[in-house]
Amino acid sequence: MLNRRHILTAATISGAAAMFPWGRMIDPPKAKPVHEAPPEAPAGPAELWPEDEELARSAPFAHAMPIPPVLRPTSVTASSELYQLRMAETQVEIVKGLQTTVYSYGGCFPGPTIRALRGREVVVQQTNALDVSTSVHLHGGNVPSRYDGLPMALIDPGESREYRYPNNQVAASLWYHDHAHGKEAENVYRGLHGAYLLSDPHESSLPLPNGEFDIPLLFRDARIEADGTLRYVSPYECPHMLVNGKERPHFAVAARKYRLRVYNVAPNRHISLRFADGAHFIQIASDGGLLAAPVPRDELTLAGAERAEIVVDFSRYAIGSSVVLENTAALESERPEVLRFDITRKADDPSRVPGVLATLPPVPKGMVEREFFMQTFPDTRINGRKYDPDRVDVETTLGTSEIWTIHNWPNRKPAGVFHAPHSFHVHLVQFRLLDRDGRPPGPAEAGLKDTIPIYPGETVRIAMTWGDYSGEYVYHCHHLVHSSHGQMGRIDVLPADPEEQAEPEKPAAPKQPTAPKQPASPQQPATPKKSGK
């Protein structure tokens, strides 16, 4: 199990390591003095980097937290819902009193929530009214390749693209976000992300909190300048913490149980959430859906793109009281508070958390084993290579089960070499964590996953079965700055029957320049290993 010191160290290293790729992507910000110790929190507005005159000052809990609106379909058929979204610049108030220009889906920051039902297709027509190319990926979705939002399947400015999501998987808190290669980190940072909540009959039958007591919480960092500008910089210089698009808001709740769907949508940061009074809560789901049984927690750590669903019982607090949610992985330049819950009223509560939540599928037994080495220094690579959309890194077949061993390379940290945690994501499939440094997963990591953190020097093993679609997909680090700079590989999933044709591909998009190929890491495996299991 990861301990608190391990997580906090990793979160700090994450910010430091990100300075390499971020510094290459944008003009470096002005140098700022470094505090030996964080300043004392003032009684009034937060003094974040008081010597930084360019930074917007913000008082915690100045905003009421909004709930992203649920998107309404433009039409409904017997088997599907059709939605239309327009990506465009939008003016929003993130810090009280300042107007900030962001990228948005449908004029919302974050994007509107899409609610879907298992077995009913969702069709989304995306129109790009921005001046940058985009690509929309349904993160965690079991989706045909042509609708996956591949890094080179771009929607250029002024163009539109249709995405079809079959929703043939169990209920889960998914999300949609930009995936245009080389721009995904900045596009997501500027606002191209939103929740996608998939339900099914089993999940709906459980007596969990629902309706107005089922709340998505999208956490991310930002840097807002004194004039309201959202500046794209290293996470070391992003002291504003946003929940549902507002800087450190407050939220009124009833004295009863709530289901909170917690997302880390930050492009390059881990978060660790804990109630200031140490109150316990119950985790009921991870990335890919419900856990087998509820897991009591007092802290929740999420790498970039990870999700978890928790149930919090606010009936333990008196009407008129408040409780603050803190980020214990906050940097020294930041306040730890991220969200205040105000208990304002009573409410009936027929909900409960059952002792059994779901029956998980068997853990796949690997027919093929593969090995991956994630490196950060001198730049971000997997198995010594940067992403090349024309190179196939993994070729597999529908129905094949595989075990992947993923190392945060090197296992020992040489003097003077930066190391960073990685957030490993695989498209198309939900996988199962087999072990972390040889230790079996704890109950909170034992469910269906699509993203897994790998801390400096760690090795994790995951197992998956390829289905239901053949075609091209990718795997990558979901610290999106790493992905933008090539820490990504291509997967080709072939039909099980050689006579079957793979799904037709979309027309080839113009290829972006790729870095010159360099020798692979000495640990790079030559071929996948056949498992004897």
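Okay, residues lined up against (1) without any contact (Cβ under 8 Å) to a residue 60 or more places away in the chain; (2) open to solvent by less than 10 Å² (accessible area, probe 1.4 Å); (3) touching a Leu at 6+ places or on another chain (Cβ under 9 Å):
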position: 462; (1), (2), (3): yes, yes, yes
position: 476; (1), (2), (3): no, yes, no
position: 479; (1), (2), (3): no, yes, no
position: 487; (1), (2), (3): no, yes, no
position: 496; (1), (2), (3): no, no, yes
| field | Conditions (1) under 22 Å from residue 333 (Cα atoms); (2) without any contact (Cβ under 8 Å) to a residue 24 or more places away in the chain; (3) open to solvent by 50 Å² or more (accessible area, probe 1.4 Å): number failed by residue 96 | value | (2)
| task | Could you tell me which numbered condition residue 457 fails, if it satisfies all but one of (1) of a type outside the set (D, E, K, R); (2) surrounded by fewer than 21 Cβ atoms within 10 Å (Cβ to Cβ); (3) more than 29 Å from residue 146 (Cα to Cα); (4) at pLDDT 95 or above? | result | (4)
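Rundown of residues vs (1) outside any strand (DSSP E or B); (2) out of contact with any strand residue (DSSP E or B) (no Cβ under 8 Å at 6 or more places or on another chain); (3) surrounded by fewer than 24 Cβ atoms within 10 Å (Cβ to Cβ), yes/no style:
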{"residue": "127", "(1), (2), (3)": "no, no, yes"}
{"residue": "146", "(1), (2), (3)": "yes, no, yes"}
{"residue": "150", "(1), (2), (3)": "yes, no, no"}
{"residue": "158", "(1), (2), (3)": "yes, no, yes"}
{"residue": "161", "(1), (2), (3)": "no, no, yes"}
{"residue": "164", "(1), (2), (3)": "no, no, yes"}
{"residue": "177", "(1), (2), (3)": "no, no, no"}
{"residue": "187", "(1), (2), (3)": "yes, no, no"}
| said: Pairs please, first residue from the range 294-323 and closer than 30 Å to residue 476 by Cβ and in contact (Cβ under 8 Å) with a residue 40 or more places away in the chain, second anywhere and open to solvent by 40 Å² or more (accessible area, probe 1.4 Å) and part of a loop (DSSP other than H, G, I, E, B), Cβ atoms under 9 Å, 6+ apart in sequence or on different chains. | reply: 297/280; 301/2
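Let's see how each residue does on (1) of a type in the set (Gly, Ala, Ser); (2) closer than 20 Å to residue 140 by Cα; (3) in contact with a Leu (Cβ under 6 Å, 6 or more places away or on another chain); (4) in contact (Cβ under 8 Å) with a residue 60 or more places away in the chain:
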{"position": "191", "(1), (2), (3), (4)": "yes, yes, no, yes"}
{"position": "197", "(1), (2), (3), (4)": "no, yes, no, yes"}
{"position": "203", "(1), (2), (3), (4)": "no, yes, no, yes"}
{"position": "211", "(1), (2), (3), (4)": "yes, no, no, no"}
{"position": "219", "(1), (2), (3), (4)": "no, yes, no, yes"}
| request: Answer with yes or no whether residue 343 is open to solvent by less than 10 Å² (accessible area, probe 1.4 Å) and in contact with a helix residue (DSSP H, G or I) (Cβ under 6 Å, 6 or more places away or on another chain). | output: yes
| Can you name the condition, by its number, that residue 119 falls short on among (1) surrounded by fewer than 16 Cβ atoms within 10 Å (Cβ to Cβ); (2) of a type outside the set (Asp, Glu); (3) assigned to a strand (DSSP E or B)? | (3)
| remark: residue 141 passes all but one of the listed conditions (1) over 28 Å from residue 308 (Cβ atoms); (2) without any contact (Cβ under 8 Å) to a residue 60 or more places away in the chain; (3) of a type in the set (Gly, Ala, Ser); the exception is number (1)
| When the residues of the range 384-400 are filtered to those that are over 25 Å from the mean Cα position of the chain (by Cα) and outside any loop (DSSP other than H, G, I, E, B), which remaining residue is farthest from residue 183 (Cα to Cα)? | 397
| Residue that is most open to solvent (accessible area, probe 1.4 Å), among those in the range 225-240 that are under 14 Å from residue 268 (Cβ atoms) and either in contact with a Leu (Cβ under 7 Å, 6 or more places away or on another chain) or not hydroxyl-bearing (Ser, Thr, Tyr) (or both) | 236
| message | Can you pull out every residue in the range 243-286 that is in contact (Cβ under 8 Å) with a residue 24 or more places away in the chain and among the small types (Gly, Ala, Ser)? | response | 245, 252, 254, 255, 266, 272, 276, 279, 285, 286
| Here are 389, 364, 350, 354: which of them is open to solvent by less than 30 Å² (accessible area, probe 1.4 Å), under 30 Å from residue 211 (Cβ atoms) and at pLDDT 95 or above? | 354
| field | Of the criteria (1) in contact with a His (Cβ under 8 Å, 6 or more places away or on another chain); (2) not in a loop (DSSP other than H, G, I, E, B), which one residue 94 fails | value | (2)
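Conditions tested, residue by residue: (1) more than 17 Å from residue 242 (Cβ to Cβ); (2) of a type outside the set (Ser, Thr, Tyr); (3) in contact with a helix residue (DSSP H, G or I) (Cβ under 6 Å, 6 or more places away or on another chain).
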{"position": "284", "(1), (2), (3)": "yes, yes, no"}
{"position": "295", "(1), (2), (3)": "yes, yes, yes"}
{"position": "317", "(1), (2), (3)": "yes, no, no"}
{"position": "326", "(1), (2), (3)": "no, yes, no"}
| said: Could you list, ordered by first residue, the pairs with Cβ atoms under 8 Å in which the first is in the range 436-454 and farther than 22 Å from residue 477 by Cβ and the second is at pLDDT below 95 and open to solvent by 10 Å² or more (accessible area, probe 1.4 Å), at least 6 apart or interchain? | reply: 439/1; 442/1
| remark: In the range 467-489, anything modelled with pLDDT of 95 or more, closer than 18 Å to residue 139 by Cβ and more than 20 Å from the chain's Cα centre (by Cα) is listed as 469, 471, 472
| Restricting the range 410-424 to residues that are open to solvent by 50 Å² or more (accessible area, probe 1.4 Å) and out of contact with any helix residue (DSSP H, G or I) (no Cβ under 6 Å at 6 or more places or on another chain), which is modelled with the highest pLDDT? | 413
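The values are calculated or read from the model by the stated rules, or taken from the named source; none is laboratory data. Just so you know, these numbers come straight off a predicted model, no measurement behind them. All Cβ positions, glycine included, derive from the backbone under ideal geometry; neighbour counts span all protein chains shown. Heavy atoms of the whole protein, side chains included, go into the accessibility calculation; ligands, DNA and RNA do not. Shrake-Rupley method; radii C 1.70, N 1.55, O 1.52, S 1.80 Å.
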